[in-house]
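See below for the structure under consideration.
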Amino acid sequence: MATRNPVENLQDDTTCFICLEFFKDPVMIMGCGHSFCQACISQCWEGKEKDVSCPQCRLTFPQRNLCPNRLLANFVSIAKQLKAPAANEAEEQWMCKKHGEALKLFCDEDQILLCVVCERSQAHQAHTVVPIKEAAREHKEKIQAHLKTLREEREKLLAFRMTGEERSKEYLKWTKAERQKILSGFQHLHQFLKEQEQLLLAQLEELEREIETIQKENITKMSKEISILNNLIKEMEGKCLQPADAFLQDVRSTSSRCDRQMFQLPVEISPELEPKVRDVSCKTVAIMEILRTIKGTLTAEMGKGWAILSSYTKVKVTLDPATAHPHLILAEDRSSMTRGDKLQKLPDNAERFDTHHCVLGYDGFSAGRHYWEVEVEDGGFYAVGVARASVRRKGWSRLDPEAGIWAIWHLSDTLQSYLEKDSYSKVKVTLDPDSANPQLILSEDRSCVRWEDTRQLLSKNSERFDMRCCVLGHEGFTSGRHCWEVEVRKGNSWAVGVARESVKRKGWIHVSPEEGVWALGHWYGQFQVLTSPHPTPLQWLPSRVQVCLDYAEGQVSILNANTKAPIFTFPPALFAGDRIHPWFYLFGPGAEFRLWN
């Protein structure tokens, strides 16, 4: 790649962003450091005394604050002196090959350079011909406008990462968590059922052994009794065969033996076994009933899901050309679209999206259950979903449910890597004991802090907060992108965020970005962001949050530490070289913070 001439670089740096000419009486905006011609910036800010914005970086300032840039004026003088030889050299290089004259004119129709002879020729008599400098200025203005659009597009894409892509990632994490819940739930259910099965089978085996033992004992006892009976019967039968005199000699003894020999039939089962048999039987019946109930419930609930899906009606969706952004090219049948490189000349009607590259379906629904299918080719960056008919069409807006849009997002691998190339680095934060309010008790490793009703006897150094129960992180930052996590264990009043090192430490402090503190928390009984002039209410805050600081961009964001979903992003601030520290506030019985390092 060719290296630019240093003279050209100097001339570019001494050119006004507004008029694209050398600076005339250059002045600098103190808030952002950008310089402009005195007349250009005065014309740009005409009629405005407050809330003025920089034409180059768009930062807004409460009032005019300009100062002469004498150093830049000196550079302009040098650049002007260097301009003449460069121009002469260029004139020598750019000569008309046909007429040998200098190319000083530009044809708008043919988009080519002309000499004065070419201008008078038949080919260009009816064309619009302007001097080179004028043409260059006009085309530079067009390119600057395109650059502005491209920069805005880049900012939009960066913002989308905090909305759609993060939301999609959150859903994917949710599905993974649900999958793990299902696997874990069924694993525990399988384990429980296996244990119950083994327990019941063990009880049955024990019962079987007891029954077999009783059966063997009964058989042995009955066999013995039968043997005795056989011998007695045999003896009595022999007695009956004796002659009368012999039979009657010991008839009394014989009768007595028959009367005394009483036999008892053994019980079929031991009385001690009957409760055990009933217990096992009841457990078996109960388990079978529970399994039938579980099976029926699961079948019914799963059937509901399929029934819900089958209850949707498939509809044919056509795209509404009246809503399409001018960059979007719709097919004739309005069933597909592509993104063009150029803006189409379309009517700027109220329905059309003019900033976001969006288009609505022509058909809207106010009742029923409907679904449609979408195919995306070649990947890239896209989003699909539904939107309210009242969704904002003009200017920049959030693309989320609060703004009336429910969608999923996808970023191309190239764009994703671009957005993630400057990711936040996680830092270890320790609490600064020299800044801690006397009612805050720090742990030995300075990773935890809790509130106590009794004030400690601590040195009254200039760094210590003496009224607000605040403490700073020991680490401070003047560059880079950093993040850290904080867990709120208890406490009715608490807040986390960042603060300038120059933040007020003595007396009562109004916590807001204007006072050098960017924070949110549970404040005066409500979840809120500590903005000004009034706090921004929040419905809920997780107990564990991640604080993110992008020093160069002046951006402070706070996320849900578990899901990484954004909670709030403060408007860009101008840190202007100030060191920024982690900031914490606690008040009330049991209030406690813990840093996740």
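Quick note: the coordinates plus some simple rules give every number you see, no bench work behind them. All of these numbers come straight from a predicted model, not from anything done at the bench. Cβ coordinates were reconstructed from backbone atoms using ideal geometry, including for glycine residues, and neighbour counts include every protein chain displayed.
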Q: Taking the dipole about the Cα centre of the chain, with the C-beta of Lys and Arg at +1 and of Asp and Glu at -1, give me whichever of C44, L20, I287 is farthest to the positive side.
A: C44
Q. Using the per-residue mean of other Cβ atoms lying within 10 Å as a proxy for protection, in what order, highest first, do the peptides 442-450, 213-221, 362-370 fall?
A. 442-450, 213-221, 362-370
Q. Hey, what did segment 313-414 get for relative contact order, percent, Cα under 8 Å, at least 6 apart?
A. 27 percent
Q | Amide H partners (placed H, <5 Å) of T355, local residues excluded | A | G395
Q) Just how large is the dipole of segment 6-83 about the Cα centre, in debye to the nearest 20, putting +1 at every Lys and Arg Cβ and -1 at every Asp and Glu Cβ? A) 140 debye
Q: Would you be so kind as to identify which of L157, Q456, G497 lies farthest towards the positive end of the dipole of the chain, taking Lys and Arg as +1 and Asp and Glu as -1 on Cβ and the Cα centre as origin?
A: Q456
**Q.** In Hz, Karplus ³J(HN,Hα) per residue of segment 585-597 (6.51, -1.76, 1.60; θ = phi - 60°; x = Gly, Pro)
**A.** 9, 9, 7, x, x, x, 5, 7, 10, 9, 8, 8, 9
Q) So for segment 425-596: antiparallel DSSP bridges make up what percent, rounded to the nearest 5? A) 95 percent
Q. Dividing the alpha-carbon radius of gyration of the chain by 2.2 N^0.38 Å (N being the number of residues), what value is obtained?
A. 1.80
Q: On a 0 to 90° scale, report how tilted helix 166-240 is relative to the longest principal axis of the chain, with both axes built from alpha carbons and the result rounded to the nearest 10.
A: 10 degrees
Q.
Please give the charge dipole size of the chain, origin at the Cα centre, charges +1 on K and R Cβ atoms and -1 on D and E Cβ atoms. Round to the nearest 20 debye.
A. 1060 debye
Q: If a/c stays under 1.5 just call it rounded; otherwise compare a/b with b/c (prolate if a/b is bigger, oblate if not). Do that for segment 466-597, with a ≥ b ≥ c from the square roots of the Cα gyration tensor eigenvalues.
A: rounded
Q: Putting +1 on Lys and Arg Cβ atoms and -1 on Asp and Glu Cβ atoms, find which of G31, L248, L189 reaches farthest to the positive end of the dipole of the chain.
A: G31
Q | Three-way shape label, segment 313-414, alpha-carbon gyration tensor, a/c 1.5 | A | rounded
Q. Order of 573-580, 468-475 by packing, highest average Cβ count within 10 Å first?
A. 468-475, 573-580
(Q) I need to check one value: relative contact order of the chain, counting alpha carbon pairs closer than 8 Å and at least 6 residues apart, in percent. (A) 9 percent
